[in-house]
Structure formats: C-alpha cells, structure tokens
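Following: one structure in structure tokens, then a few remarks.
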Amino acid sequence: MLCVMVGVRVPDKTLASSEQFQRSSTSRAPSIAPSGAVEVRLVMPADYACLARFLSSFGDETRAQDFWVRRFNLWWDANPAFQEGVPRGWVLCVDNTIKGFLGNVPSQVQLFGRTVTAFGVTTWRVLPAYRSHSLRLLHQALRCAKGSISFDTTPSDDVVRILKSLKFQLLPHFENLKRSVIILNPRRFLASKLHGKMLADVGGWLAEPVLRAFQDWRLGVRRKCDGIEARHLTRADSSFDELWTRTRHLYANTNVRSAAAVNWYCFTDENFRKHLFGCFSAERLVGYLIATSRIRDGLKVLACLDVWLDPDAHLALSVLLAATRHRAQEDDFDLLEIPHYNDSLARRFKALCLFQRSAVGDRSAYYKIEEVAALDQAGSYFVGMQGDRGL
C-alpha cells in the first residue's frame, strides 16, 4: 500500500490530550521546534525499541517500555489482519529521532458485503515543540485507508472536533448507547449509589434474594434447555469459522468473526485476556459472547464487548447470559453489563426485562469511509471491538 507524505499544519491549541494524544507536562510554555527537517515515515520493526522508549517517557505516562513492546506484538506482529502492505503506524522524526507517533491497529471488517482491512488509529502522541506537524500523521493514516474504513474509537473531546472537521461520523447505535445490567452484588452496587455503609448493607441484604430470583426467572436459569449449553472457552476453534460462514449475511457492515480474529482479540496478550463464552446446540456453535473486566464507579464490572448469535437459536442469548453471570459471580464481580449494539439486540434485552442504564461518560466511536452516505443502521453491527477499543 503506497502512502504519500502530505502534511497540513494547524494551530497547536486545537490538539489536546487524550488516550491517543496526550499533552506533555512540559507544554505549559510555548515551545519552538529546533531546526532540522521534520519527516513522516512508516513504523518499521527496527523502530520498536526507540518507539517504546518514546511512549514510556511521554508526559505523565506510567507504563514501562515492556508494556509497549507487548502492545506492538498485539497490534501488529500477532494480528491476523496485519499483512504486507498494511502500515503499523507513522512517526514524526527529526534526524532519525522520534518526535511523534500515530499507530494503526488493523482489523478485518465486512464493508458493504466485502472483506476489507480496516484502519484503527491509536496512541496519537506528539512532543509539544512539534505539535504543528500533528495532523500530518492523521492525514497519512486517512490516505492509506482509501477504499476501506477508518476507526477512531477512543477520542478525547478535542480530537472529536478534529474528526468532525474531517467528516468522521458516529458509528451506528453508539449515540445514546444503552446497556442492560445484571446486578451481582446488591450491597456494593447500592453503596456506590447511596451515602452510608449501613444503609447499603441493609438494602443489599434485603434486595439480594429478590434480585437473584427475578434475574433467574428472566434468564430462564431453571428452564430445561435440552441439547443447548454454554461453555467458558480458552480457544476459538473451527466451529467459529463455521458460525461466521453461516451468519455473515446478517449484516453488510460488521467485524469479521473468524476463529483467528477471535483468538487474537481474546487471548494474544496474557495481561489483557478476555472471557469467551460459547453456546452449543448438539455440539454446534450457535452463538458466543466476549467480555472483559473493568472498574466503573468503584465497581468491578464484567463488560460485554461482543455478542454474536445464530438467529435460529432462540435460547442462545439467555443461555449465554446465565453462564456469563455464573462465572462473574464466581469471580466476585459486582455488575454484568451488555450494551445494546443494535435495535434487534435492544428488543431482545427489553423482552428479558433486565435493568437498563445509559452509557454516560463513555467515549464515542467514530468512523470514516469514502462514500458520502452514512452506514445503514439496519445493515450494520459494530460492537466494543472496533479499533483499539476494548483491547
């Protein structure tokens, strides 16, 4: 894939800190870049050590170099979507010294019914003296993504303004996203909402048996499900490829859900392993759910990142939720959260009468394609696995 190095300069004040683009603690005073040509070039394997040093020492970063080396392996070397011609990312250099970086996390996506390699920008970081060159990195990424789709799924408010000026759009269903919630520890949940430990303890003691009975009933925990069961998996096998082949027609625009893609996402990095639950009917995979651990409002939350179902397996969702809840209780989680990634999923959760909450405070997820029209909501299914979101 040929990348043409074209730059656009913008005022330094328009670029603010985020997970992708953070201000250095030295940026309080105006800085002037020293003399020397500022070039943009592709990241190469030989850059890993220098790039890890740059990122680990950037601003108030606390993660060490070995963390970033593991990320490079996850983003690129172990990623089945990474292949020859796909850029790892771009660096701003002066005299071969890194002054800025924008990474790319490639993924396989079905776009308008055809499989393409999507670009997911990540970790946009530029030293203060070189901030006027920052957009050269983003423009480079957009030029390389022509004919595909670009994701930015963890932008700060300031970066969102830049994305909108470049005609990025919100991913379908990520505006006013709602979640269904299964409360696992009523006492800790109430303590996060109420003032006073005694009140939370009493309320939790009273609520726990009622909540458990209600949620058991709605999930059909005691319902007999002949031949259908959920399992906690440590590997995705060929049954995932078979499920994807059977169901890929459901949406024109969605993630490719091959066994290789699922294994990469869930199990590549030992420090960021996901929970994978598969639902089987007579040994045939009919759905799966991917979840990860998060801390939200002081609560330990098991958050669903993806749920994919065979529409002919009507009990698969309830069986998966019951198995996921059981595992979450064993691991002492306080909440299980499942976002409503499309209208169909929202209707199914509404039918289960689970508690719901708005995804207030979550960062929005954006995309850009060459086509003028937005992606069709009914024909699109994007989840918590776009770009670097959830990794």
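Return the residue satisfying two criteria in turn: it lies in segment 346-379 and is at pLDDT 85 or above and under 18 Å from the mean Cα position of the chain (by Cα), and of such residues it is surrounded by the fewest Cβ atoms within 10 Å (Cβ to Cβ). This residue is K368. Looking at A141, A129, just one residue is open to solvent by less than 20 Å² (accessible area, probe 1.4 Å), touching a strand residue (DSSP E or B) at 6+ places or on another chain (Cβ under 8 Å) and either farther than 30 Å from R212 by Cα or hydrophobic (A, V, I, L, M, F, W, C) (or both), and that residue is A141. Could you tell me whether any residue of segment 291-307 is surrounded by fewer than 19 Cβ atoms within 10 Å (Cβ to Cβ), within 23 Å of I228 (Cβ to Cβ) and in contact (Cβ under 8 Å) with a residue 12 or more places away in the chain? Checked against the condition, which is being surrounded by fewer than 19 Cβ atoms within 10 Å (Cβ to Cβ), within 23 Å of I228 (Cβ to Cβ) and in contact (Cβ under 8 Å) with a residue 12 or more places away in the chain, segment 291-307 yields no hits at all. Answer with yes or no whether M5 is surrounded by 13 or more Cβ atoms within 10 Å (Cβ to Cβ) and either at pLDDT below 95 or over 30 Å from R257 (Cβ atoms) (or both). In short, yes.
Considering every residue within segment 177-187, establish whether at least one is open to solvent by less than 20 Å² (accessible area, probe 1.4 Å) and either within 22 Å of V40 (Cβ to Cβ) or hydroxyl-bearing (S, T, Y) (or both). Yes: one or more hits.
Residues in segment 228-271 that are of a type in the set (G, A, S) and surrounded by fewer than 18 Cβ atoms within 10 Å (Cβ to Cβ) were compared, and the one that is farthest from A313 (Cα to Cα) is A260.
Would you check if T117 is polar (S, T, N, Q), out of contact with any Lys or Arg (no Cβ under 6 Å at 6 or more places or on another chain), over 24 Å from Y251 (Cβ atoms) and surrounded by 18 or more Cβ atoms within 10 Å (Cβ to Cβ)? So T117 does not fit the description; no. Is segment 255-276 home to any residue that is touching an Asp or Glu at 6+ places or on another chain (Cβ under 7 Å) and at pLDDT 95 or above? Yes, segment 255-276 contains at least one residue that is touching an Asp or Glu at 6+ places or on another chain (Cβ under 7 Å) and at pLDDT 95 or above.
The values are calculated or read from the model by the stated rules, or taken from the named source; none is laboratory data. Every value quoted in this text rests on a predicted model; they were computed, and no experiment measured them. With ideal geometry, Cβ positions are generated from the backbone for all residues, glycine too; neighbour counts draw on all protein chains shown. These area figures cover heavy atoms from the full protein model, side chains too; ligands, DNA and RNA do not enter into them. Shrake-Rupley method; radii C 1.70, N 1.55, O 1.52, S 1.80 Å.
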